[in-house]
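Data block below; observations after.
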Amino acid sequence: MVGADALPSPRQHGVTKPLSLAGPSEADILRTKKLNKFLVDAGLYESQEEAAKREMVLGRIKQVLATTLAQIFLTFLQVEVEYVISWFSHMIVIDWVKQLTRLRGYTEQMVEDANAVIFTFGSYRLGVHGPGADIDTLCVGPSYVNRNEDFFFVLHDILTNMEEVTELQPVPDAHVPVMKFKFEGISIDLLYASISRLVVPDDLDISDVSVLYNVDEPTVRSLNGCRVADQILKHVPNVEVTGFLGGVNWALLVARVCQFYPNAIPSMLVSRFFRVYTQWRWPNPVMLCSIQEAELGFTVWDPRKNPKDKTHHMPIITPAYPCMNSSYNVSISTLRVMTEQFQFGNQICEEIEVNKAQWPTLFEPYMFFESYKNYLQVDIIANNPDDLRAWKGWVESRLRQLTLMIERDTHGKLQCHPYPHEYIDPSNQLSHGAFFMGLQRKQGEAIQEGQQFDIRGTVEEFRHSVNMYMCWRPGMEIYVSHVRRKQIPLYVFPHGYKRTRTTRVSNIENGEVGRKRKDECTPVKQDSPSLKRQSMSPLSHCSDSVDNDKIQVFEVELERED
């Protein structure tokens, strides 16, 4: 057998010793070949043509950083010096570092040395991106080019006027401020960090703690995307076999499994992933290395010192200073969903190992619209596609708050499953998008006949907070409404029609791992005085007991178990 003897590991990775040093058996090698074939056949690997295009796009963006401002600067030479300096002090972006340096009175040598550097991070940096995935990029600029004005105003305008750029969407109020757009069809997420240096060298070591001197918290979070990617590659053995999942949270979870099983191959890592996190006792943190301390004044994750850290449900700690919980946004509801899916994935992997199932079973899509009886539908509307992109970015960044508010106001008894996918009705002429949340009662709650949860105030509080958007324009509206499973609009389903319920959903409802419980909630609607911005959506197909001229309200009554 290939794995009869444990293979040596050159050094310990992680905060604990490995769970096993065993290498693959012949069966593991065969399963890995089958897994790889499935991924290739499913189109989950990027083609050489697409990879080449991504490299070209990154090169083009870097070229823009070096040349665009020179063209713009020439058009302002005839303007009074005072006006030029004033205008540029508010309008300069990373594309114009050299010209900004000159306009602010630096020497010609400083102008020559002025620079901005582009880094990649996320799945692209780790080499695990699939076709169509975003390229996460970070632009690091000097101390005199800022984010709020220089990055999110003028750069936005410059990109708007470029033919190569489409679907431009700035999200300045996100936890990590970002500019999203497509450059010649390639999706780019661009962050900006201004560091405490007058000159940014081409060979800047982003992992060096000195880049964090005298920067604010949003800049730290922007820089840490790249710093965390570097630490993942540093702390994981045999990095060429890691990374089936995208996103920094999933990458960290996979990396920890690689530390537990340093000589495992892909098929082994997939099954061990679900096995480990099925048994994991949250909120014990997942960490790749010990938490680093430094004397820079930034708060590091430590529930012993920071009361807020005690409230985290699923801590996944970043390995770069300052160590943070990358999964701070996980709620009780979303942890429940992930825990159930870990269990379900573990069950399938166990069946694969005894040849009772094949890899495609593990990758079957989750039947979200068949998993609950009741849903919240959040419709986002604007006057035109450009307004919609900006409005949607803001609303989407706030949807987590609705889940937390409902958990708070119902004392955790009513749980939400927000689905991270936007749906568009192709037959509707409005600029709009729709998001959905599954609703159900917390498992194990005793049922009291006639018990209700009134979340009208919760929904209105959420809408009020969303409508505080600084860049709100007429036509930007949000509607929150209740739909039952049978009322789900057909445009959310592939090919526009509902599919026959799958074995997976049937097994779930029959009480197996990840089952859908019978103790779900039945909303009862009542009328309420109308407000300026109504909650009732003109896009949703709601019960005919609701007056379309009134705000839809949500009084949730829990059914008695059968």
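The values are calculated or read from the model by the stated rules, or taken from the named source; none is laboratory data. Treat the numbers as computed from the prediction; the structure is a model and nothing was measured. Glycine also receives a Cβ, built like all others from the backbone with ideal geometry; neighbour counts cover every protein chain displayed. For accessibility, only protein heavy atoms count, side chains too; no ligands or nucleic acids. Shrake-Rupley method; radii C 1.70, N 1.55, O 1.52, S 1.80 Å.
Figures for the structure shown
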quantity: Complete set of residues in the range 287-301 that are within 16 Å of Ala229 (Cα to Cα) and either outside any loop (DSSP other than H, G, I, E, B) or open to solvent by less than 40 Å² (accessible area, probe 1.4 Å) (or both); calculated: Leu288, Cys289
quantity: Residue in the range 133-150 that is closer than 29 Å to Ala382 by Cα and assigned to a loop (DSSP other than H, G, I, E, B) present; calculated: yes
quantity: Scan of the range 439-459 for residues that are out of contact with any Leu (no Cβ under 9 Å at 6 or more places or on another chain) and surrounded by 15 or more Cβ atoms within 10 Å (Cβ to Cβ), ordered by number; calculated: Arg456
quantity: Qualifying positions in the range 163-177 - open to solvent by 30 Å² or more (accessible area, probe 1.4 Å) and in a loop (DSSP other than H, G, I, E, B); calculated: Glu163, Glu164, Pro172, Asp173, His175, Val176
quantity: Single unsatisfied condition, Ile348 versus (1) over 24 Å from the mean Cα position of the chain (by Cα); (2) open to solvent by 40 Å² or more (accessible area, probe 1.4 Å); calculated: (2)
quantity: The range 271-287 residues that are over 21 Å from Thr361 (Cβ atoms), paired with ones that are open to solvent by 40 Å² or more (accessible area, probe 1.4 Å) (beta carbon under 6 Å, 6 or more apart); calculated: Pro283/His313; Met287/Val15
quantity: Qualifying residue in the range 169-177 (condition: in contact with a Lys or Arg (Cβ under 6 Å, 6 or more places away or on another chain), of a type outside the set (Gly, Ala, Ser) and farther than 28 Å from Asp113 by Cβ); calculated: yes
quantity: Near pairs, Cβ below 8 angstrom, 6+ apart or cross-chain, from the range 384-405 (farther than 20 Å from Asn428 by Cβ) to any residue that is in a loop (DSSP other than H, G, I, E, B) and open to solvent by less than 20 Å² (accessible area, probe 1.4 Å); calculated: Arg400/Ser331; Thr403/Ser331; Leu404/Ser331
quantity: Answer residue from the range 202-243, given it is of a type in the set (Val, Ile, Thr), modelled with pLDDT under 85 and not in a helix (DSSP H, G or I) and is nearest to the chain's Cα centre (by Cα) among those; calculated: Thr242
quantity: Test: residue in the range 359-378 that is in a helix (DSSP H, G or I), open to solvent by less than 10 Å² (accessible area, probe 1.4 Å), within 22 Å of Gln440 (Cβ to Cβ) and hydrophobic (A, V, I, L, M, F, W, C); calculated: yes
quantity: Residue in the range 302-317 that is part of a loop (DSSP other than H, G, I, E, B), out of contact with any Ser or Thr (no Cβ under 7 Å at 6 or more places or on another chain), farther than 23 Å from Thr403 by Cα and open to solvent by 60 Å² or more (accessible area, probe 1.4 Å) present; calculated: yes
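Every residue, every condition in (1) polar (S, T, N, Q); (2) open to solvent by 10 Å² or more (accessible area, probe 1.4 Å); (3) assigned to a loop (DSSP other than H, G, I, E, B), yes or no:
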site: His421; (1), (2), (3): no, yes, no
site: Ala434; (1), (2), (3): no, no, no
site: Met437; (1), (2), (3): no, no, no
site: Pro474; (1), (2), (3): no, yes, yes
site: His482; (1), (2), (3): no, no, no
